[in-house]
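Engineer: One structure, as structure tokens, below. Some questions next.
The values are calculated or read from the model by the stated rules, or taken from the named source; none is laboratory data. Since the model is a prediction, treat every value here as computed from it, not as a measurement. When we count neighbours, we look across all protein chains shown, and the Cβ atoms used for this are built from the backbone with ideal geometry, even at glycine. When the accessible area is computed, the model is the full protein with side chains, heavy atoms only, and any ligands, DNA or RNA have been set aside. Shrake-Rupley method; radii C 1.70, N 1.55, O 1.52, S 1.80 Å.
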Amino acid sequence: MHMPLLPLLASPALLASSSPEAETARWMVARSDWGYVTTLTDGAPSAAVLSLSDSACSDAACHSGRLFFYIATSVAASQPGASSLADADSGCNASLTLSQAALNRSTGCEAAALDPEDPRCTKLTLSGRLARTQGPATALGRAALFARHPQMRRWPASHGFEVFELRPADVWMIDFYGGG
């Protein structure tokens, strides 16, 4: 199902929405620890596996729906897909792709005996602008990331890790037969 320009995750109205699509998208983001972030580098698509977080707590009621990443900017040229991120102060176009197949064995597709390509194994792509955070968003993002990924606190300062946020403008999801 394609939901253009729908602020599915961060909109207060949709955070309270009980629509199946909104609930599934929120569930995927809240349960996912990592995803594929794709950008364009020199006109060619390039993807990197990046850890993510949307909340500093485990209570489903406090998930913000904001998508934060901790990206090494000083080594960006050596990371696939990350060279365009080093200059992303103003933002770059990016997509985050999540799959239910990447979740743990109790909630993932494996528990339901589904192949990752089966339409019932949810796939979600959020596209929009990815940029360095500024001001209070940096502290919020860092708290969310460090809560879900405590090892990030010990990552080398020499790599220049910074908090980035993806602000979705387009959502594509498939979670059943009939097309996305």
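Engineer: Could you figure out which of (1) in a helix (DSSP H, G or I); (2) modelled with pLDDT under 85; (3) open to solvent by 20 Å² or more (accessible area, probe 1.4 Å) isn't true of residue 58?
Structural biologist: (1)
Engineer: Could you list all residues from region 108-130 that are open to solvent by less than 80 Å² (accessible area, probe 1.4 Å) and within 13 Å of the chain's Cα centre (by Cα)? Don't jump to the end; show me each part of the working.
Structural biologist: Residues of region 108-130 that are open to solvent by less than 80 Å² (accessible area, probe 1.4 Å), as a first pass: 108-109, 111-112, 114, 116, 118-119, 121-128, 130.
123, 124, 125, 126, 127, 128, 130 - these are the residues of region 108-130 that are open to solvent by less than 80 Å² (accessible area, probe 1.4 Å) and within 13 Å of the chain's Cα centre (by Cα).
Engineer: Which one is nearest to residue 50 (Cα to Cα) among residues in region 123-180 that are of a type in the set (Phe, Trp, Tyr) and part of a loop (DSSP other than H, G, I, E, B)?
Structural biologist: Per the criteria, the residue is 155.
Engineer: Can you tell me which residue among 88, 72, 76 is modelled with pLDDT under 80, over 13 Å from residue 130 (Cα atoms) and open to solvent by less than 30 Å² (accessible area, probe 1.4 Å)?
Structural biologist: Details: 88 fails: over 13 Å from residue 130 (Cα atoms); 72 fails: modelled with pLDDT under 80.
After applying the criteria, what remains is 76.
Engineer: Another one. List the number of the failed condition for residue 101; all other conditions in (1) closer than 23 Å to residue 47 by Cβ; (2) of a type outside the set (Val, Ile, Thr); (3) assigned to a helix (DSSP H, G or I); (4) modelled with pLDDT of 90 or more hold.
Structural biologist: Only one criterion is unmet by residue 101, namely (4).
Engineer: Tell me which of these residue 28 doesn't satisfy, since it passes every other one: (1) modelled with pLDDT of 80 or more; (2) open to solvent by 30 Å² or more (accessible area, probe 1.4 Å); (3) in contact with a Ser or Thr (Cβ under 8 Å, 6 or more places away or on another chain).
Structural biologist: Of (1) modelled with pLDDT of 80 or more; (2) open to solvent by 30 Å² or more (accessible area, probe 1.4 Å); (3) in contact with a Ser or Thr (Cβ under 8 Å, 6 or more places away or on another chain), only one is false for residue 28: (2).
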